[in-house]
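Any read-out appearing in this document is the output of simple, stated calculations on the displayed coordinates, not a laboratory observation. Model, not experiment: these values are computed from the prediction.
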Amino acid sequence: MNHRCPLCGKDLASRRLIQPVIARMEIDCRYCKRRIRVNVHPAETVIVVGSFGAFAALAGLAYWLQRDGLYVLGFAVAMLGAGALPLAERLWLRDWPRYVPI
């Protein structure tokens, strides 16, 4: 994924660790101080919503049926979803711009 500021061209890859904590769609570039927007790819949305939905469905089914194996399967689905995001970034979304100007 391309983590460069679209306005000044500086690399903002070190901000990646802070972004999950700060759940804002607009951030300020630390170099040029102008506002940029986080550009979320539709595949990222599908991965997150799909893995969370599968986890919630399996956890609810496990609670209703009182099956411990379904809890483990739900946990595995959640871990697969969490691992799919960095994998998609490295393999499929290499040239996707993470930030766009406002």
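Distant-in-sequence amide contacts of residue 2, defined by a placed amide H-H separation under 5 Å and a gap of 5 or more residues or a different chain, comprise 96, 98. For the chain, the longest principal axis of the C-alpha atoms and the axis of helix 68-91 are separated by about 20°.
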